[in-house]
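*Asks:* Input: one structure, supplied below.
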Amino acid sequence: MKTPLRRRRELTALLTVALALVASIVGVASADERTGIYPGLPFIECPDELPPSDYDPCSTPDFANRYGWINGVSLGRTGSPKAKQWARIPLMTMGNNILIGNRVDGEDREYTIDIRTFLVSPKGSDRNYGRSPLIPVRTVAFGSIPVEVTLQLQQRLDADGYPVPFYLRSVENVTAEDGGRRTKVEPAALAADVDVQIRSLKVDGNDVGLDDSCGTGTRSRLSVTSKPLDVLEEPGYVGPSFYGKSFDTFDPAEAFYGLYGGTLEGSIDIASLEGCSTHSGDDVSPVLTAALSGPGNPVTLQVGSFNCVKYTDDFSMALPPQPGATTPEEIGCAQNYYETPDESVTNPRVRTVPRPLDFPDEAPRQVE
């Protein structure tokens, strides 16, 4: 009987061979073809630092751009210690360019997943990629006046005007131990400069009419990380799936586990706001800075399992989400893949589309 580890090795090997064959048949893009698949996306180069692997994770110059897309969704919550309010981060669709490395030494294995993520901008945006959904934050001014500020994050832009992807690396180590095996997944960290933009400001229900230039520029900093995962699978373990105990017991609310997704927690440091003038000419930048800016605003991101794929009609190329594709259906999500009570694959906690997070009972506190 094949072990779960051997099954995954065989699947990885088959995938690698299949993609290499496709790459050899299709060929390499010429210099004048090295553009992003959709307007607003850059051509995805093989990075200088590849995930450690017994094979080449990026076997041709256009491998990542043609075959690396596995899309996904995430959502979350954030809080403003100054405003003493929590806010939901709505569902975000993501184009994820993923490279996978696999190193095997007898029964021990290191499995590395490098993820570069582009946010799909909401429909009607001036940029196809790089903008988050709108995030409303509600508070009160002067003790009783309702105020609603609508925020939006924008990924940093490169010199050519393309969004710089968020980067995340997940490393899983499997080692033989006491006749069984131990799986350790290292903490995954995401750190990126972002532009926090103010899209609207309503005071007592009245829109004050902000100019489009209101924001921090890329002086704000998003920093989130996951908790480590450590699971010992005893000899003879038999569980509900063939992925082993580490998958069977995995709770995405507690850690991040490669392509199964999970939770990242941390903070966003919001820089001072600039360019926040109303249509009548009043500069409210100092007021908004006093109300919103500061370090350590808590952020929790829940990332769904990476089960969203789109292909060209001839299956010769994987595709990122199209511009404006902001629903799981539009980006090809298999929403219930791990939730189906099947003999080989089941863990109802692992979801392609995460459930919305509850708000804590206490007001947000600054993350140190």
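*Asks:* Quick check on segment 323-330. Is at least one of its residues at pLDDT below 95, among the aliphatic types (A, V, I, L, M) and surrounded by 15 or more Cβ atoms within 10 Å (Cβ to Cβ)?
*Replies:* The answer is no; no qualifying residue exists.
*Asks:* Name, by its number, the condition in (1) more than 21 Å from Pro187 (Cα to Cα); (2) assigned to a strand (DSSP E or B); (3) among the acidic types (Asp, Glu) that does not hold for Glu110.
*Replies:* Checking Glu110 against (1) more than 21 Å from Pro187 (Cα to Cα); (2) assigned to a strand (DSSP E or B); (3) among the acidic types (Asp, Glu), the one that fails is (1).
*Asks:* Oh, and also: Which ones in segment 273-302 are open to solvent by less than 40 Å² (accessible area, probe 1.4 Å) and in a strand (DSSP E or B)? Before the answer, list the steps.
*Replies:* First, the residues of segment 273-302 that are open to solvent by less than 40 Å² (accessible area, probe 1.4 Å): 273, 275-278, 284-285, 288-289, 292-294, 296-302.
Result: Ser277, Thr278, Gly294, Gly296, Asn297, Pro298, Val299, Thr300, Leu301, Gln302.
*Asks:* Just to be sure I understand the filter: pairs with C-beta atoms under 8 Å, separated by 6 or more residues or on different chains, first member in segment 156-179 and within 17 Å of Ile37 (Cα to Cα), second member of a type in the set (Phe, Trp, Tyr) and outside any strand (DSSP E or B). Which pairs pass?
*Replies:* none
*Asks:* Sticking with this structure for a sec: Assigned to a helix (DSSP H, G or I), open to solvent by 20 Å² or more (accessible area, probe 1.4 Å) and either of a type in the set (A, V, I, L, M, F, W, C) or modelled with pLDDT of 95 or more (or both): does that describe Val28? I'd like the intermediate steps shown before the answer.
*Replies:* Values: assigned to a helix (DSSP H, G or I): no; open to solvent by 20 Å² or more (accessible area, probe 1.4 Å): yes; either of a type in the set (A, V, I, L, M, F, W, C) or modelled with pLDDT of 95 or more (or both): yes.
So Val28 fails the test.
*Asks:* OK, next. Does Arg116 qualify as being at pLDDT 95 or above, among the basic types (Lys, Arg) and not in a loop (DSSP other than H, G, I, E, B)? Can you show your working first?
*Replies:* On the way: at pLDDT 95 or above: yes; among the basic types (Lys, Arg): yes; not in a loop (DSSP other than H, G, I, E, B): yes.
For Arg116, the condition - at pLDDT 95 or above, among the basic types (Lys, Arg) and not in a loop (DSSP other than H, G, I, E, B) - is met.
*Asks:* Can you find a residue in segment 305-319 that is among the hydrophobic types (A, V, I, L, M, F, W, C), farther than 25 Å from Pro122 by Cα and exposed (fewer than 15 other Cβ atoms within 10 Å of the Cβ)?
*Replies:* Going residue by residue through segment 305-319, those that are among the hydrophobic types (A, V, I, L, M, F, W, C) are 306, 308-309, 315, 317-319.
Now drop any that are not farther than 25 Å from Pro122 by Cα, which leaves 315.
Among the residues that remain, those that are also exposed (fewer than 15 other Cβ atoms within 10 Å of the Cβ) are: 315.
Scanning segment 305-319, I find at least one residue that is among the hydrophobic types (A, V, I, L, M, F, W, C), farther than 25 Å from Pro122 by Cα and exposed (fewer than 15 other Cβ atoms within 10 Å of the Cβ), so the answer is yes.
*Asks:* Right, next: If you check Pro90, Pro146, which single one turns out to be surrounded by fewer than 15 Cβ atoms within 10 Å (Cβ to Cβ) and outside any loop (DSSP other than H, G, I, E, B)? Spell out how you get there, then give the answer.
*Replies:* On the way: Pro90 fails: surrounded by fewer than 15 Cβ atoms within 10 Å (Cβ to Cβ).
Checking each option against the conditions leaves just Pro146.
*Asks:* Filter segment 157-187 down to residues that are farther than 15 Å from Glu107 by Cβ and among the acidic types (Asp, Glu) and give me whichever is least open to solvent (accessible area, probe 1.4 Å).
*Replies:* Let us first name the residues in segment 157-187 that are farther than 15 Å from Glu107 by Cβ, namely 157-171, 185-187.
If we keep only those that are among the acidic types (Asp, Glu) too, we end up with 158, 160, 186.
Working: Asp158: 58, Asp160: 123, Glu186: 88 Å².
Applying the filter and picking the extreme gives Asp158.
*Asks:* Test of understanding: among Gly124, Gly101, Gly130, Gly106, which residue is small (Gly, Ala, Ser) and buried (at least 22 other Cβ atoms within 10 Å of the Cβ)?
*Replies:* Details: Gly124 fails: buried (at least 22 other Cβ atoms within 10 Å of the Cβ); Gly101 fails: buried (at least 22 other Cβ atoms within 10 Å of the Cβ); Gly106 fails: buried (at least 22 other Cβ atoms within 10 Å of the Cβ).
So the residue among Gly124, Gly101, Gly130, Gly106 that is small (Gly, Ala, Ser) and buried (at least 22 other Cβ atoms within 10 Å of the Cβ) is Gly130.
*Asks:* Next question. What are the residues in segment 241-260 that are in a loop (DSSP other than H, G, I, E, B), of a type in the set (Phe, Trp, Tyr) and crowded, with 19+ Cβ neighbours inside 10 Å, if any?
*Replies:* Applying the first criterion (in a loop (DSSP other than H, G, I, E, B)) to segment 241-260 yields 241-244, 249-255, 257.
If we keep only those that are of a type in the set (Phe, Trp, Tyr) too, we end up with 242-243, 250, 257.
Correct list: Tyr243, Phe250, Tyr257.
*Asks:* Being out of contact with any strand residue (DSSP E or B) (no Cβ under 6 Å at 6 or more places or on another chain) and touching a residue at least 12 places away in the same chain (Cβ under 8 Å) is the filter here; which residues of segment 356-368 pass it? Give the derivation first.
*Replies:* Kept after step one, since they are out of contact with any strand residue (DSSP E or B) (no Cβ under 6 Å at 6 or more places or on another chain), are these residues of segment 356-368: 356, 358, 360-363, 365, 368.
Scanning segment 356-368 gives Pro356, Pro360, Ala363, Arg365, Glu368.
*Asks:* Among the residues of segment 59-70, how many are part of a loop (DSSP other than H, G, I, E, B) and buried (at least 21 other Cβ atoms within 10 Å of the Cβ)?
*Replies:* 3
The values are calculated or read from the model by the stated rules, or taken from the named source; none is laboratory data. If you're wondering where the values come from, they're calculated on a predicted model, not measured in any experiment. A quick note on method: Cβ atoms are made from the backbone with ideal geometry, for glycine too, and the neighbour counts reach across all protein chains shown. To get the accessible areas, we keep the full protein, side chains included, count just its heavy atoms, and leave off ligands, DNA and RNA. Shrake-Rupley method; radii C 1.70, N 1.55, O 1.52, S 1.80 Å.
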